[in-house]
Amino acid sequence: MARTWRVVALGAFILVLAAACTAGAPATSSEFRNIGNNLGDSAAKGAAPAGIPSTAVGTTTDNGIPTLVTNPNRSLILTANVSMKTQDPWATADKARAIASGLGGDILAMSQTGQGENRSALITLRVPSDRFDEALRQLKLLDGEVLTSNVDAKDVTDQFTDLQARLVAKQAEEQRYLQLFPQAKTVDETLKIDAALGNVRVQIEQLQGQLNLIKNRTEFSTITMSIAPIVTVPTTTTGAWDPSVTFAKAIAALSVFFKFAADLAIWLLVFGWIPLIALAIALAATRMRRPGVTAPTS
């Protein structure tokens with residue numbers, strides 16, 4: 001009986017030793033080849049972090065300016081276009097820039113053209129998305145008349161979530177390659193790991209750049225304003241008789257008459273000799289055709 005227990009104990013010890021040796025074995029070359037794909041598949045199945053909140057589920061109108069009703073569970077790129085008329089478009093553009101600066105935004109572009117009453121301006125502003133509606137309201141309060149306005153919302157929630165999931169997968173793959181470095185036994189395995197690691201890091205930088213771009217566009221909204229001048233049309237008033245107006249019209253008519261008379265005199269001076277020559281020729285021809293008269297005899 002004691003001998004049987006010794007045999008069983010010895011067999012258990014051998015099994016434990018074999019399992020420990022198997023667990024401590026270094027990674028094989030096939031593992032080096034397949035590690036990237038396995039990690040990418042497993043990470044892609046995981047849940048990605050939530051996107052940047054802010055998206056529209058509807059719109060309302062506030063005195064001609066559309067405003068968004070937002071849902072905090074979505075990611076949105078907000079843009080607005082406003083067209084208006086003011087007495088001084090340049091001054092209005094400067095006030096709009098001050099509004100954006102006061103709300104924590106800045107100016108992306110501004111163009112001021114024309115002179116005098118024909119001035120116009122085109123300005124593009126960037127404001128924080130959580131101050132978007134407030135910026136529109138303040139711009140609406142500027143002196144002038146709003147002609148057209150529209151607000152556009154582009155939902156990028158799915159795109160942002162997909163980029164985050166891909167970034168998490170690539171970061172996990174990078175960590176796995178870093179763990180494989182000490183286990184490489186040959187120069188060839190080391191070079192393969194280094195090349196794969198460099199490729200993964202390039203992809204990580206690209207994904208991070210796309211995420212930063214989307215994040216910046218969702219955190220800041222763009223408002224473009226087109227400002228035209230208000231053209232005042234002169235109106236004619238009808239009322240009592242005004243002698244000064246009649247005198248001015250008479251002077252204008254007299255100047256036209258003198259101009260016409262001067263033009264006629266110039267034309268006669270230049271071309272008046274032509275009919276005189278024609279008349280002289282006609283008289284000479286008439287005299288040549290008239291028969292002579294004979295004197296009477298006694």
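Computed quantities for the displayed model
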item: Calculated FRET efficiency for the pair Asp106/Gln179, C-beta based, R₀ 35 Å, to 0.05; result: 0.20
item: Nearby lysines by direct alpha-carbon distance to Lys259 (threshold 20 angstrom, same-chain neighbours under 8 apart not counted); result: Lys249
item: Table column - 3J(HN,Hα) (Hz), the range 129-136, Karplus curve with 6.51, -1.76, 1.60, x for Gly and Pro; result: 4, 6, 10, 4, 5, 5, 4, 4
item: Isotropic mean projected area of the C-alpha convex hull, the range 70-181 (nm²); result: 10.2 nm²
item: Residues of type aspartates and glutamates that Lys192 reaches as a straight line, Cα spacing below 16 Å, ignoring anything fewer than 8 places off in the same chain; result: Glu31, Glu173, Glu174
item: Surface share of carbon and sulfur [accessible, 1.4 angstrom probe, percent] for the range 110-248; result: 52 percent
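The values are calculated or read from the model by the stated rules, or taken from the named source; none is laboratory data. Keep in mind that this is a model prediction, so the values were computed, not measured. All Cβ positions, glycine included, derive from the backbone under ideal geometry; neighbour counts span all protein chains shown. Heads up: the accessible areas ignore ligands, DNA and RNA and are worked out on the full protein's heavy atoms, side chains in. Shrake-Rupley method; radii C 1.70, N 1.55, O 1.52, S 1.80 Å.
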